[in-house]
1. Examine segment 348-365 for a residue that is on the phi > 0 side of the Ramachandran plot and either surrounded by fewer than 17 Cβ atoms within 10 Å (Cβ to Cβ) or in contact with a helix residue (DSSP H, G or I) (Cβ under 9 Å, 6 or more places away or on another chain) (or both), and state whether such a residue exists.
2. Here are 76, 100: which of them is touching a strand residue (DSSP E or B) at 6+ places or on another chain (Cβ under 9 Å), modelled with pLDDT under 90 and either more than 23 Å from residue 27 (Cβ to Cβ) or buried (at least 19 other Cβ atoms within 10 Å of the Cβ) (or both)?
3. Just give me the residues in segment 97-111 being in contact (Cβ under 8 Å) with a residue 24 or more places away in the chain and either in a strand (DSSP E or B) or under 18 Å from residue 34 (Cβ atoms) (or both), in sequence order.
4. So, restricting to strands (runs of 3 or more DSSP E) that lie completely within segment 152-244, which ones have at least 3 residues that are in contact with a helix residue (DSSP H, G or I) (Cβ under 9 Å, 6 or more places away or on another chain) and under 30 Å from residue 291 (Cβ atoms)?
5. Looking at 246, 203, 306, which one is buried (at least 17 other Cβ atoms within 10 Å of the Cβ) and free of Cβ contacts under 8 Å to residues at least 24 places away in the same chain?
6. Could you tell me whether any residue of segment 259-269 is modelled with pLDDT under 95, surrounded by fewer than 21 Cβ atoms within 10 Å (Cβ to Cβ) and assigned to a helix (DSSP H, G or I)?
7. I'd like the residue in segment 246-256 that is assigned to a strand (DSSP E or B) and at pLDDT below 90 and, out of all such residues, is nearest to the chain's Cα centre (by Cα).
């Protein structure tokens, strides 16, 4: 069997108890190691070492006598693991190789703080695949520092393009520390509005004008906003204005305005048709922002194993490999054979590279992107599919009680 070593490219710090105390080490090694095989981290397929005994040395402390496969070149240092209800890892250092086995000094033991609640369905025949990946090129969130130069450039270019057909159109960037009166309203309402009469501060909401959803609780218009509108009428001679947000939804499914389009008029009261025009223009700008900030990859990639908590993906597509290395999250579909896709938002926990180029990417499911029309969520359907495949005899690695 050909064994490959995996190079660690990304490894999120796990919440684990680190044990170096000699008495505790002795207890753990005697209680949990036994003679059952231990996996060697970062090998593919996973190589196992079989414990043959343990001894205590004044020079080296606790030493394990291990038997490795004959064709496996034992490195000077390695990490062994055992998957119980909590993952256990043993950092070891080579002391000597002999005819009776390999002696390795145990440097420390790590035990995951959080128990592993779900098992994993092993997928040897590629009957489960991943596809339709959405990865952000640039992080856009609600942090005051989110704003990227590329978005600012896009706003400038789109304002120039759109104003050629919509006279007077302006686009303004927006962020969480923006204190303009219209920005405060747009952040809360998340919909456009017309000020039909600035002098009277008379507002009509998009949901009433265009018949959009009324699920959002509309904000109360602050006195300072009323004063600002009246000042615009008196100082600038403006009669009416429209403000329409550019609403961005990130991978975590948070929706917030990143900018807005606006029209101001001195001659006439702006109308429903003007609102519709700005709505369509905002959709054009949003598409440009999404195209600039999000990568979509349709290619199917293998799933090595999967559970309710997450999955291990095998990534072979060169373009995908290029983008995923510096990303922390993504959205993708899990596809069981002959079934509708299940879409998840996932956090990338670790990435390892095989010496032949493939990436093994461990992800943790953090949430749903949508619920299925059947009324079941993606998590509920995933649980149902896994249970069905286990009943049909698919390989399943269940948590072992410690």
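1. Yes; the residues of segment 348-365 include at least one that is on the phi > 0 side of the Ramachandran plot and either surrounded by fewer than 17 Cβ atoms within 10 Å (Cβ to Cβ) or in contact with a helix residue (DSSP H, G or I) (Cβ under 9 Å, 6 or more places away or on another chain) (or both).
2. It is 100.
3. 101, 102, 103, 104, 105, 106, 107, 108, 109, 110, 111, listed by residue number.
4. Counting at least 3 such residues, we get 170-173.
5. Only one candidate passes the filter, namely 203.
6. The answer is no, given that none of the residues of segment 259-269 is modelled with pLDDT under 95, surrounded by fewer than 21 Cβ atoms within 10 Å (Cβ to Cβ) and assigned to a helix (DSSP H, G or I).
7. Selected residue: 249.
The rows are residues; the columns are (1) over 33 Å from the mean Cα position of the chain (by Cα); (2) modelled with pLDDT of 90 or more; (3) outside any helix (DSSP H, G or I); (4) outside the structural domain of residue 362 (by TED's automatic domain parsing).
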residue	(1), (2), (3), (4)
13	no, no, yes, yes
32	yes, no, no, yes
39	no, yes, yes, yes
63	yes, yes, yes, yes
88	no, yes, yes, yes
91	no, yes, yes, yes
95	yes, yes, yes, yes
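The values are calculated or read from the model by the stated rules, or taken from the named source; none is laboratory data. Just so you know, these numbers come straight off a predicted model, no measurement behind them. Cβ sites come from the backbone with ideal geometry, for glycine too, and all protein chains shown count toward neighbours.
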